Amino acid sequence: MSAMEITPPEAARWAARAGLVLPADRHASVAATAGHIHGVVGLLRELDFADTPPASAYRAGQEERDAAV
């Protein structure tokens with residue numbers, strides 16, 4: 001099993017552990033969705049944001065407008 005492959009029984013086990021009732025017909029779709037989310041988060045973790053200021057540095061309305069309309 002790869003790092004992004006989540007099996008339906010595993011998804012059901014995680015749901016039960018979280019206290020969620022997951023009908024048997026939903027195990028496969030929840031596993032596929034969880035695998036997709038896991039893959040997207042993995043890609044986001046690879047991004048380099050070294051020169052990006054934190055969101056708290058942004059002040060709405062104070063940016064300079066330099067585009068021609």
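Please treat every number below as a calculation from the coordinates, not as lab data. The structure presented is a predicted model; accordingly, all values stated were derived computationally and were not measured. Heads up, the Cβs are rebuilt from the backbone with ideal geometry, glycines too, and the neighbour counts pull from every protein chain shown.
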Using amide H atoms built 1.01 Å from N in the peptide plane, name the residues 5+ places from ILE6, or on other chains, whose amide H lies under 5 Å from its own. GLY35
Using alpha-carbon coordinates, inclination of helix 8-17 to the longest axis of the chain, degrees: 80
For the chain, the charge dipole (Cβ of Lys, Arg +1; Cβ of Asp, Glu -1; about the Cα centre) points to a positive end, and the Cα of VAL41, ALA60, VAL30 closest to that extreme belongs to VAL30
Taking H as built 1.01 Å from N, whose amide H comes closer than 5 Å to the amide H of LEU22, not counting residues under 5 places away? none
Principal axis extents for the chain, Cα atoms only, whole Å, descending order, please. 55, 26, 25
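What does the helix-only formula give at 222 nm for the chain: each DSSP H stretch with n ≥ 4 adding -39500 (n - 2.57), the total divided by the residues, and the result rounded to the nearest 500 deg cm²/dmol?
Counting only the DSSP helices, I get -14000 deg cm²/dmol.
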Put a dot 7 Å past each Cα toward the Cβ at GLU10 and ILE37; how far apart are the dots in nm? 1.5
Relative to the chain, whose Cα atoms define the longest principal axis, helix 27-46 and its Cα axis are tilted in degrees, nearest 10, by 30
Can you work out the Karplus-derived ³J(HN,Hα) for every residue in region 55-61? Use 6.51 cos²θ - 1.76 cosθ + 1.60 with θ = phi - 60°, whole Hz, and x for glycine or proline. 4, 5, 7, 7, 10, 4, x
Debye, to nearest 20: dipole size of region 1-55, +1 on Lys, Arg Cβ, -1 on Asp, Glu Cβ: 320
Enumerate by residue number the GluC sites (Glu not before Pro) in region 14-69 meeting two conditions: DSSP loop (anything except H, G, I, E, B), and at most 10 other Cβ atoms within 10 Å of the site's Cβ. GLU63, GLU64
